[in-house]
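Colleague: Got a structure for you, questions after.
The values are calculated or read from the model by the stated rules, or taken from the named source; none is laboratory data. Quantities reported herein were computed from a predicted structural model and do not represent experimental measurements. Cβ atoms come from the backbone with ideal geometry, glycine included; neighbour counts cover every protein chain shown. To get the accessible areas, we keep the full protein, side chains included, count just its heavy atoms, and leave off ligands, DNA and RNA. Shrake-Rupley method; radii C 1.70, N 1.55, O 1.52, S 1.80 Å.
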Amino acid sequence: MGAAVTRAIRNFNLENRAEREISRMKPSPAPRHPSTKNLLREQMSSHPEIKGEIARKDDKLLSLLKDVYVESKDPVSFVQVKDAGTPQKPKEFRLPKDHHSDMINVKNIPKGKISIVEALTLLNNHKLYPDTWTAEKIAEEYHLEQQDVNSLLKYFITFEVKILPREGKKAIQSK
């Protein structure tokens, strides 16, 4: 209900207000300070040739202005220069190593990268069988850098849930 009232007030006498706005003289000069008005009036009365100079067009300046030509170019970025000099090699891809690739829409993985599922798998394999899944074997199997694998094994661990019995109570044996 409020929108209808607002719309009615906003559209009241709209054509007359628009016509009045269009017919008004535009642009109006900015108001001048009274002291400036007096100074300008004094200068115009003492030097009437100034008014003619203000209105006169200087042909020499206009011809110089027509001769000005500005040409602008974007600066060449470092990345573009680097790419232009060396052609990019096509990336080498490998197929995912796990059997869960149906769940994820990953068809191929760039060499030197692994998927999240593969990362969790190799971390779990290393945790369960550290003698079999060494950093060297993981790097070779997944086409990774040796130092990346060492950092991965050092700083990332998989989740492990341990249920500790409370002191003073017997732990419930699982069947």
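Colleague: Go through region 118-156 residue by residue and tally those that are more than 39 Å from the chain's Cα centre (by Cα) and among the aliphatic types (A, V, I, L, M).
Modeller: Number satisfying all stated conditions: 1.
Colleague: Determine whether region 54-61 contains at least one residue that is of a type outside the set (Lys, Arg), modelled with pLDDT of 85 or more, exposed (fewer than 10 other Cβ atoms within 10 Å of the Cβ) and more than 42 Å from the chain's Cα centre (by Cα). Let's see the steps before the verdict.
Modeller: Going through region 54-61, the residues of a type outside the set (Lys, Arg) turn out to be 54-55, 58-59, 61.
So of that shortlist, the ones also modelled with pLDDT of 85 or more come out as 58-59, 61.
So of that shortlist, the ones also exposed (fewer than 10 other Cβ atoms within 10 Å of the Cβ) come out as 59, 61.
When the remaining residues are screened for being more than 42 Å from the chain's Cα centre (by Cα), the result is 59, 61.
Yes, some residue in region 54-61 is of a type outside the set (Lys, Arg), modelled with pLDDT of 85 or more, exposed (fewer than 10 other Cβ atoms within 10 Å of the Cβ) and more than 42 Å from the chain's Cα centre (by Cα).
Colleague: Need pairs with beta-carbon distance below 8 Å; first residue at pLDDT below 85 and within region 10-38, second open to solvent by less than 100 Å² (accessible area, probe 1.4 Å); sequence gap 6+ or separate chains.
Modeller: What qualifies is 32/40.
Colleague: Identify the residue in region 101-115 that is more than 14 Å from residue 144 (Cα to Cα) and of a type outside the set (Ser, Thr, Tyr) and, among all such residues, is modelled with the highest pLDDT. Working first, answer last.
Modeller: Going residue by residue through region 101-115, those that are more than 14 Å from residue 144 (Cα to Cα) are 101-108.
With of a type outside the set (Ser, Thr, Tyr) added as a condition, the list becomes 102-108.
Details: 102: 52, 103: 48, 104: 54, 105: 62, 106: 61, 107: 68, 108: 74.
In this case the residue turns out to be 108.
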